Amino acid sequence: PLLQVVFVDEATTLDSDLRDEWSMLRRVQTILSQPATGPIAISDPHQPGAPMTFGAPIRGFGLLILDADLRPVQGDDSGDLYVVGSAVATGYRYRPGHTAATFVPNPYGPSGQRMYRTDTRVRWHRNGNGERILEAPGAMG
């Protein structure tokens, strides 16, 4: 077929049956992307019947899954996704209120470092190779 690879953004709803059907004919992968960061994670190719995952962070980014009190979630619990690292922007131009609400102090990084609050609920999951990857419970079909 002409179309060899399908990249699905995390905000795109793709029915799991359709995703499974497509992944038998072509490579289907998820890209986790945020307005302030651009792409931050790309999944391995989807396997039919498996949950859709976000994959591991790409270079320059770190991902934290935190509860409402900004504590790391434990085990398979879900929490809010925060993006940290040298590739994260520092704010929105001419939007100080939005910057203050979205780029919050990182309690786990160097003094003065900020983290980006994504408003995306996720959890860590181990793939067949034992690698930690992101999964969005109930998202994407």
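The values are calculated or read from the model by the stated rules, or taken from the named source; none is laboratory data. Keep in mind that what you see is a predicted model, and the values were worked out from it rather than measured. Using ideal geometry, Cβ is built from the backbone for each residue, glycine included, and neighbour counts are taken over all protein chains shown. Heavy atoms of the whole protein, side chains included, go into the accessibility calculation; ligands, DNA and RNA do not. Shrake-Rupley method; radii C 1.70, N 1.55, O 1.52, S 1.80 Å.
Within region 16-24, does at least one residue satisfy the condition of being open to solvent by less than 70 Å² (accessible area, probe 1.4 Å), over 14 Å from T120 (Cα atoms) and charged (D, E, K, R)?
Taking every residue of region 16-24 in turn, at least one turns out to be open to solvent by less than 70 Å² (accessible area, probe 1.4 Å), over 14 Å from T120 (Cα atoms) and charged (D, E, K, R).
Checking the structure you have, find out if any residue of region 112-119 is over 19 Å from the mean Cα position of the chain (by Cα) and either touching a residue at least 12 places away in the same chain (Cβ under 8 Å) or open to solvent by less than 60 Å² (accessible area, probe 1.4 Å) (or both).
For region 112-119, residues over 19 Å from the mean Cα position of the chain (by Cα) and either touching a residue at least 12 places away in the same chain (Cβ under 8 Å) or open to solvent by less than 60 Å² (accessible area, probe 1.4 Å) (or both): present.
Tell me yes or no: at least one residue of region 28-40 is over 30 Å from H98 (Cβ atoms), in contact with a Gly (Cβ under 9 Å, 6 or more places away or on another chain) and surrounded by 18 or more Cβ atoms within 10 Å (Cβ to Cβ).
yes
Among D44, D69, which is the only one that is of a type in the set (D, E, K, R), modelled with pLDDT of 85 or more and open to solvent by 30 Å² or more (accessible area, probe 1.4 Å)?
When all the criteria are applied, what remains is D69.
Output the number of the condition that P51 fails; it satisfies all remaining conditions of (1) open to solvent by less than 30 Å² (accessible area, probe 1.4 Å); (2) in a loop (DSSP other than H, G, I, E, B); (3) in contact (Cβ under 8 Å) with a residue 60 or more places away in the chain.
Exception for P51: condition (1).
Pick out the one residue from G109, G75 that is without any contact (Cβ under 8 Å) to a residue 40 or more places away in the chain, surrounded by fewer than 16 Cβ atoms within 10 Å (Cβ to Cβ) and under 30 Å from G49 (Cβ atoms).
Answer to the selection: G75.
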